[in-house]
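Right, one structure below, let's go through it.
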Amino acid sequence: MTRTAIFPQNRHALYEQHGYSAAIQSQDLLFISGQVGSRADGTPEPEFEKQVEQAFENLADTLTAAGCSFDDIVDVTTFHTDPEQQFETIMKVKNKIFTQKPYPNWTAIGVNWLAGFDFEIKVIARIPKAEIPA
């Protein structure tokens, strides 16, 4: 089985600083590493809603690099440092992106540390058949 690393065009500094791939393609599946609200230099967006929006933008960039979109996501896991206080804001951003059923699977996990961030999203997506390299 072949694994191919996928990186967005404007990859942020965290990939190099922490030594991981933005995503790994394995056949027609795309496993995207946790995306955070990181600016290009790797620092967090200070305002929570903007941090969540930036995490989704970073996710979109990685999906695009693999020929995918939000419609190709089948499974989502999110990590939250204060789920009760953050839930409303996260849902506000999420509902702008996932507007039609069927929605992807979603698991939300409360954590006490995200390396200076307050939200992280990782997904598994299916790469459209037309986009799979021969």
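The values are calculated or read from the model by the stated rules, or taken from the named source; none is laboratory data. Given the structure is predicted, the values throughout are model-derived calculations rather than measurements. Note that we place each Cβ from the backbone using ideal geometry, even for glycine, and neighbour counts take in every protein chain shown. In case anyone asks, the SASA skips ligands and DNA or RNA and just uses the protein heavy atoms, side chains included. Shrake-Rupley method; radii C 1.70, N 1.55, O 1.52, S 1.80 Å.
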Working only within the stretch 53-87, note down all residues that are free of Cβ contacts under 8 Å to residues at least 24 places away in the same chain, part of a helix (DSSP H, G or I) and under 14 Å from residue 97 (Cα atoms). 54, 57, 60, 71
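Rundown of residues vs (1) crowded, with 17+ Cβ neighbours inside 10 Å; (2) out of contact with any strand residue (DSSP E or B) (no Cβ under 8 Å at 6 or more places or on another chain); (3) at pLDDT 95 or above; (4) closer than 15 Å to residue 128 by Cα, yes/no style:
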{"residue": "12", "(1), (2), (3), (4)": "yes, no, no, no"}
{"residue": "15", "(1), (2), (3), (4)": "yes, yes, no, no"}
{"residue": "22", "(1), (2), (3), (4)": "yes, no, no, no"}
{"residue": "26", "(1), (2), (3), (4)": "no, no, no, yes"}
{"residue": "41", "(1), (2), (3), (4)": "no, yes, no, no"}
{"residue": "50", "(1), (2), (3), (4)": "no, yes, yes, no"}
{"residue": "53", "(1), (2), (3), (4)": "yes, yes, yes, no"}
{"residue": "80", "(1), (2), (3), (4)": "yes, no, yes, no"}
Among (1) surrounded by fewer than 16 Cβ atoms within 10 Å (Cβ to Cβ); (2) farther than 22 Å from residue 23 by Cβ, there is one condition residue 106 misses while meeting the rest; what is its number? (2)
Does residue 40 qualify as being in a helix (DSSP H, G or I) and among the small types (Gly, Ala, Ser)? no
Take residue 35 and decide whether it is touching a residue at least 60 places away in the same chain (Cβ under 8 Å), open to solvent by less than 70 Å² (accessible area, probe 1.4 Å) and touching a strand residue (DSSP E or B) at 6+ places or on another chain (Cβ under 8 Å). yes
